[in-house]
1. Could you please tell me which pairs satisfy a Cβ distance under 8 Å, a separation of 6+ or placement on different chains, a first residue in the range 13-25 that is farther than 16 Å from ALA152 by Cα, and a second residue that is of a type in the set (Val, Ile, Thr)?
2. Just name the residue that is surrounded by the fewest Cβ atoms within 10 Å (Cβ to Cβ) out of those in the range 112-128 that are touching a residue at least 12 places away in the same chain (Cβ under 8 Å) and farther than 14 Å from ALA159 by Cβ.
3. Do we have any residue at all in the range 125-133 that's out of contact with any His (no Cβ under 8 Å at 6 or more places or on another chain), assigned to a strand (DSSP E or B), more than 18 Å from THR83 (Cβ to Cβ) and not basic (Lys, Arg)?
4. Does the range 148-163 hold any residues that are in a helix (DSSP H, G or I) and buried (at least 16 other Cβ atoms within 10 Å of the Cβ), and which are they?
5. From the list VAL118, VAL145, VAL181, which residue is aliphatic (A, V, I, L, M), modelled with pLDDT of 95 or more and touching a Lys or Arg at 6+ places or on another chain (Cβ under 8 Å)?
6. Among the residues of the range 164-188, write down those that are over 20 Å from GLY19 (Cβ atoms) and either of a type outside the set (Gly, Ala, Ser) or surrounded by 13 or more Cβ atoms within 10 Å (Cβ to Cβ) (or both).
7. Going through the range 157-176 one residue at a time, which ones are aliphatic (A, V, I, L, M) and either touching an Asp or Glu at 6+ places or on another chain (Cβ under 7 Å) or at pLDDT 95 or above (or both)?
Amino acid sequence: MPRTPRLFVVSGPSGAGKGTLVSLVREQRPDLGLTVSATTRQPRPGEVDGVSYHFLTNEEFSARVERGEFLEWAHVHGNCYGTLKSEVDRNLADGHSVILEIDVQGALNVRKSYPDAVLVFIEPPSMEVLEERLRGRGTEDEQTVRLRMADAAGEMEKACEYDERVVNDDLHQAAAQLMRVLDSHEMN
């Protein structure tokens, strides 16, 4: 049975494992389109412009917002993040489902432009595990960890607005569940 190209939006709190899960699913489904988000934050060690993110200045980002180039954009953790419409539309037109990994605020904004988008919320098994994961990264200072934990509490309250929820307790089980979600929506 042929697959129907769909827009999937994967989000959840920072540290829930969204990026890792999307990477595992993409290994199994290289046909999925993955857009590169734009951000005003500074690159982390090892991140590459145009691959990890499109790293933009505040001025560049604002100009693109004014030109209406973003499907969604938001202020998150003191920086701007956004998804370019052109990347999503190109993939869908080519017959490829698109998987976006974006924050909760952005995901709910996507629903306004793409009502058929499938929103998937990635949950940590607990807030304690989430904090352990954030601290275990070793990339955030104490103030950033506290900010992300406070944001996570609010984001978890929005999980009920999503079409699907995946608890990332066991990485491989969560990846398998995410694959089942994609398959079920592409076959409808």
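1. Between residues of the range 13-25 that are farther than 16 Å from ALA152 by Cα and residues that are of a type in the set (Val, Ile, Thr), the close pairs are LEU21/VAL10; LEU21/ILE122; LEU21/VAL166; VAL22/VAL10; VAL22/ILE99; VAL25/ILE99.
2. Pass one, the range 112-128, residues touching a residue at least 12 places away in the same chain (Cβ under 8 Å): 113-114, 116-125, 127.
Retained after the next criterion (residues that are farther than 14 Å from ALA159 by Cβ): 113-114, 116-118.
Values: SER113: 14, TYR114: 21, ASP116: 9, ALA117: 21, VAL118: 22.
This residue is ASP116.
3. Quick first cut of the range 125-133, residues out of contact with any His (no Cβ under 8 Å at 6 or more places or on another chain) only: 125-133.
From what's left, assigned to a strand (DSSP E or B): none.
Within the range 125-133, none of the residues are out of contact with any His (no Cβ under 8 Å at 6 or more places or on another chain), assigned to a strand (DSSP E or B), more than 18 Å from THR83 (Cβ to Cβ) and not basic (Lys, Arg).
4. ARG148, MET149, ASP151, ALA152, GLU155, MET156, ALA159
5. Numbers: VAL145 fails: modelled with pLDDT of 95 or more; VAL181 fails: touching a Lys or Arg at 6+ places or on another chain (Cβ under 8 Å).
Of the residues listed, the single one that is aliphatic (A, V, I, L, M), modelled with pLDDT of 95 or more and touching a Lys or Arg at 6+ places or on another chain (Cβ under 8 Å) is VAL118.
6. If the condition is that a residue be over 20 Å from GLY19 (Cβ atoms) and either of a type outside the set (Gly, Ala, Ser) or surrounded by 13 or more Cβ atoms within 10 Å (Cβ to Cβ) (or both), then ASP183, HIS185, GLU186, MET187, ASN188 are the ones that fit.
7. ALA159, VAL166, VAL167, ALA174, ALA175, ALA176
The values are calculated or read from the model by the stated rules, or taken from the named source; none is laboratory data. Owing to the predicted nature of the structure, the values given are computational and were not obtained by experimental measurement. We place every Cβ from the backbone using ideal geometry, glycine too, and count neighbours over all the protein chains shown.
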